Structures are given as structure tokens and as C-alpha cells.
Amino acid sequence: MAAREGQIAVGNLAGEKQTLNYSSIPRCVYTWPEAAAVGMTEEQARQAGFKPRVDRYHLAGSSKAMVEQETEGLWMIVSDAATHKILGGQIVGPNATELIHLLALSLRAGLTAQDVLEAVFAHPTLAEGFQEALARSLQTGRSLGAEKP
């Protein structure tokens, strides 16, 4: 983030009008398990006037997580209940600090749950959890894995 802030500062000194949207910058914690978040929380979405929906996908249902014996963790996606636009999310588990960029790019592009579900993800991957959580958002019944009780 500091490097991007520096680029913007130099651009502004050169007369360019640049800003940085801090809400689209991933927040990462390099612990075990890793944790990462980007965008709005459920409460922030509510305060911004959205009717937030929160959908989760637990890694216990992920083939890749099972193979790697790293099934502790989850994807938690916040979207607008009316439009299904992705507003934010959190990931806890293996590679969370890498996977969070899927959410960050989705926010920047203004993607909806349907947009993400139309993409083809490799299988088995931890990234599929993103689609799994969003499938719940649309209540399509489509699921590649099982929801942890």
C-alpha cells in the first residue's frame, strides 16, 4: 500500500489528480491460520444503506483443503441482497492472503455473484470456495462441496 501511496503522491505532485480507494485494499494477517479481508463488513454495508447478505463456505467441504489436510477456515462474502453485488469479504485459512485478491478484483470491477459463477475455476482449488459462497447468495442449489454444519 505504501508503494501505491507513493506513486499517487508523485502523480499528484506532477499535476495529476489521483486518489486511492482504501476500502479495496486487502487487509492481511500473516498468522496461522492466515486471515484476510477487503471491502465492507456486514455492519459497514448496512450503514452504507445496503441490505447485506452474508454467505459462508467452510473449507471442510473443499477437496483441495482435504487433500492438503488444511480444512480449518472459511470464506465469508458480504453482498447486497437485492443486486447480489459483492461488497466485501473475509477469508480465514490456508493462503487467505493470496486468495483475498479474488475479492479485491471483484470489488474493483463491481462484480455480482452471477458474474463470478459464470467463470470457470480449476478443480480442486481453494479458490473454488469463492464460487461456493456466492452460489449460496443466489440460492441456486449449485454446490461443488458441502456446507459445514
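The values are calculated or read from the model by the stated rules, or taken from the named source; none is laboratory data. No experiment lies behind these values; they were computed from the predicted model shown. No Cβ is skipped: glycine too gets one built from the backbone with ideal geometry, and neighbour counts run over all protein chains shown. Heavy atoms of the whole protein, side chains included, go into the accessibility calculation; ligands, DNA and RNA do not. Shrake-Rupley method; radii C 1.70, N 1.55, O 1.52, S 1.80 Å.
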TODO: With the checklist (1) at pLDDT 95 or above; (2) under 16 Å from the mean Cα position of the chain (by Cα); (3) surrounded by fewer than 17 Cβ atoms within 10 Å (Cβ to Cβ) in hand, flag the one item Thr83 doesn't pass.
DONE: (2)
Open item on the list: When the residues of the stretch 86-132 are narrowed to those that are within 13 Å of the chain's Cα centre (by Cα) and surrounded by fewer than 17 Cβ atoms within 10 Å (Cβ to Cβ), which ends up modelled with the lowest pLDDT?
Closed with: Arg108
TODO: Kindly indicate whether any position in the stretch 10-27 is in contact with a Ser or Thr (Cβ under 9 Å, 6 or more places away or on another chain), aliphatic (A, V, I, L, M) and either open to solvent by 40 Å² or more (accessible area, probe 1.4 Å) or modelled with pLDDT under 95 (or both).
DONE: no
TODO: Working only within the stretch 51-75, note down all residues that are farther than 22 Å from Leu126 by Cα and open to solvent by 70 Å² or more (accessible area, probe 1.4 Å).
DONE: Lys51
